[in-house]
Amino acid sequence: MLNNNYIILDIETTINKKAIEKSVAKQLGFETADEFLKFKNATMENGKTYFPKPVFHKIHTIGMLYVSQSTSLKYIDFSYEDELVTLSEFWKIIGKCQLPTIVGFNSKSFDIPVISMRTGKNMIELKDVYPEIKRFHDCSDQWEKYGPNYFNRNSKYHIDLIDDHGWPKPSLSEICSLYDIPVKNYGHGSEVEAMNREDVRRYCKEDVIATTKLWLYHMLKFDQEFDINDFMTLNDRIKSLEEVENE
């Protein structure tokens, strides 16, 4: 049994090179963002790719799986050439979801801050969805007596699955390997800029489905009203989503 509606969410981003160039690159003596990023990548250990702070990202795609209290599933994504359209369509749908519980992986430190910052930058143009934006960002109910405070680090309406797995923080693929959940078959977040839009959408959906499967284990451990029958029902319905994807 679910005690609320849930949204399992993931975003794919590209690097905002203009912002990097105007701030850290120039300060450190680099002429361009590309020069700065090349330098940062060269200093990374074990061939890893440098991942800029959330403030230096733009939204490419937002994917989300809506899970109702009756355990029905609906996947939707938002992926437009114009980031403003992506944000506007996202907030329209969020406004219809009646204050769901947000679930993500590193969503408290990355996904939600990036969505919030990119929304803030475009607030004038997003005036048509002000009510939805303001309701989501309402932090007046500190103890969540009447509704969500999504930006409270301890919010019961925002589950960040990375918090379940200790320190140092693991990646989604590392945790999924523990649970035998397939993930990252269609690419990697660092490759988004070079991928075509349909491939990014497919990659984002794969991450959302993997995060959803991980969330089922979280619910089985931590939610007293969620039992093995709920787990199996939702797991079977997620498999149906994957079968549609693979057809």
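The values are calculated or read from the model by the stated rules, or taken from the named source; none is laboratory data. Predicted model only: the values in this text are computed from it and were never measured. With ideal geometry, Cβ positions are generated from the backbone for all residues, glycine too; neighbour counts draw on all protein chains shown.
Is there a residue being at pLDDT 95 or above and within 23 Å of Thr13 (Cβ to Cβ) anywhere in the stretch 223-239? No; the residues of the stretch 223-239 include none that is at pLDDT 95 or above and within 23 Å of Thr13 (Cβ to Cβ). Among the conditions (1) within 16 Å of Tyr6 (Cβ to Cβ); (2) in contact with a Lys or Arg (Cβ under 7 Å, 6 or more places away or on another chain), the only one that Ser173 does not satisfy is (1). Can you say whether Ser173 is out of contact with any Leu (no Cβ under 7 Å at 6 or more places or on another chain), modelled with pLDDT under 95 and small (Gly, Ala, Ser), as far as the supplied structure shows? Yes; evaluated as a whole, the condition is true for this residue. Whether a residue is surrounded by fewer than 20 Cβ atoms within 10 Å (Cβ to Cβ) and either closer than 21 Å to His60 by Cβ or touching a helix residue (DSSP H, G or I) at 6+ places or on another chain (Cβ under 6 Å) (or both) was assessed, and Lys134 does not pass this test.
Scanning the stretch 1-22 for residues that are touching a residue at least 12 places away in the same chain (Cβ under 8 Å), surrounded by fewer than 16 Cβ atoms within 10 Å (Cβ to Cβ) and out of contact with any strand residue (DSSP E or B) (no Cβ under 8 Å at 6 or more places or on another chain) yields a count of 3.
Quick check, is Gln69 of a type outside the set (A, V, I, L, M, F, W, C), touching a residue at least 24 places away in the same chain (Cβ under 8 Å) and out of contact with any helix residue (DSSP H, G or I) (no Cβ under 8 Å at 6 or more places or on another chain)? It is true that Gln69 is of a type outside the set (A, V, I, L, M, F, W, C), touching a residue at least 24 places away in the same chain (Cβ under 8 Å) and out of contact with any helix residue (DSSP H, G or I) (no Cβ under 8 Å at 6 or more places or on another chain). Within the stretch 31-77, how many residues are under 13 Å from Ile8 (Cβ atoms) and not in a loop (DSSP other than H, G, I, E, B)? The total comes to 11. Inspection of the stretch 1-8 finds a residue satisfying the criterion of being among the hydrophobic types (A, V, I, L, M, F, W, C), over 16 Å from Val192 (Cα atoms) and within 13 Å of the chain's Cα centre (by Cα). Against the test of being buried (at least 20 other Cβ atoms within 10 Å of the Cβ), in contact (Cβ under 8 Å) with a residue 12 or more places away in the chain and not in a helix (DSSP H, G or I), the options Ile94, Ile102, Ile115 yield a single qualifying residue, Ile102. For the stretch 177-197, the candidate set comprises residues that are among the hydrophobic types (A, V, I, L, M, F, W, C) and not in a loop (DSSP other than H, G, I, E, B); within that set, the residue that is modelled with the highest pLDDT is Leu178.
Any idea which of Ser109, Ser155, Ser140, Ser177 is out of contact with any helix residue (DSSP H, G or I) (no Cβ under 8 Å at 6 or more places or on another chain) and either closer than 21 Å to Phe51 by Cβ or of a type in the set (Val, Ile, Thr) (or both)? Answer to the check: Ser177. Each residue in the stretch 78-91 was checked for being in a helix (DSSP H, G or I) and among the small types (Gly, Ala, Ser), and 1 of them qualify. If you check Leu161 against the conditions, is it closer than 20 Å to Ile11 by Cα, modelled with pLDDT of 95 or more, under 18 Å from the mean Cα position of the chain (by Cα) and surrounded by 11 or more Cβ atoms within 10 Å (Cβ to Cβ)? Judged against the criteria, Leu161 is a match. Ile62 satisfies every condition listed in (1) free of Cβ contacts under 8 Å to residues at least 24 places away in the same chain; (2) closer than 22 Å to Arg118 by Cβ; (3) crowded, with 18+ Cβ neighbours inside 10 Å except (1). Flag not set for Val200, criterion: in a loop (DSSP other than H, G, I, E, B), crowded, with 19+ Cβ neighbours inside 10 Å, touching a residue at least 24 places away in the same chain (Cβ under 8 Å) and out of contact with any Lys or Arg (no Cβ under 8 Å at 6 or more places or on another chain).
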